[in-house]
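Trainee: Here's a structure for you.
The values are calculated or read from the model by the stated rules, or taken from the named source; none is laboratory data. These figures come from a predicted structure and were not determined experimentally. Positions of Cβ are backbone-derived with ideal geometry, glycine not excepted, and every protein chain shown enters the neighbour counts.
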Amino acid sequence: MQEPEAQNDGKPALADDEKTPALRLALIAGAGLAIVIIAWILYSHLSSRLGGSPSTLAEEQRAYFQHIVVSDTRMSAAENFLGHTVTYLDARITNTGTRTVSQVQLEMEFVDMLSQVVLRETTNPVNPQTPALKPGETRAFQISFEHMPIDWNQAPPRIRILRATF
């Protein structure tokens, strides 16, 4: 008794060793796509938790920037236990508005004698690990810098608010 022939629509059947590279390529492409999707989800989640990028901030948050004041900025330096110089920025941040602020991100620009930016750093003096800044509250903060550019003019940085969340 003869076995019925398998229908192949006129196409030659692929041998098992010919199917393996195609299957492997499909699995790699699928895994790559899954990694991209997971990375995008994580990025979206983290961005939303941090208040989004400065361009996507709500107008209410941007309007509140005027109520966050950084003052009494002073630069100092000291040697650490290895004999290297560490530079410090000491400042105060005040919330002059009516809302409690849970996070503040600042951008600091250090300049040279020609007012050209030689170092740009960001810091979060108010963050999830610190208490929220209540209305009318002033808090001191300190930022340390291990390596300052040699052409820095020794003055405190220009400071601007990048983000504030309630």
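Trainee: Can you pull out every residue in the range 125-138 that is surrounded by fewer than 16 Cβ atoms within 10 Å (Cβ to Cβ) and either of a type in the set (Lys, Arg) or more than 13 Å from residue 69 (Cβ to Cβ) (or both)?
Mentor: First, the residues of the range 125-138 that are surrounded by fewer than 16 Cβ atoms within 10 Å (Cβ to Cβ): 127-131, 134-138.
Those that are surrounded by fewer than 16 Cβ atoms within 10 Å (Cβ to Cβ) and either of a type in the set (Lys, Arg) or more than 13 Å from residue 69 (Cβ to Cβ) (or both): 127, 128, 129, 130, 131, 134.
Trainee: What are the residue pairs meeting all of these: first residue in the range 132-147, first residue assigned by TED's automatic domain parsing to the domain that holds residue 94, second residue of a type in the set (Asp, Glu) and assigned to a strand (DSSP E or B), Cβ atoms under 9 Å, and 6 or more apart or on different chains?
Mentor: Every condition considered, the pairs that remain are 140/72; 140/90; 141/90; 142/90; 143/90; 143/121; 145/121.
Trainee: Scan the range 52-68 for residues that are closer than 17 Å to residue 98 by Cβ and at pLDDT below 85 and jot them down.
Mentor: 58, 59, 60 - these are the residues of the range 52-68 that are closer than 17 Å to residue 98 by Cβ and at pLDDT below 85.
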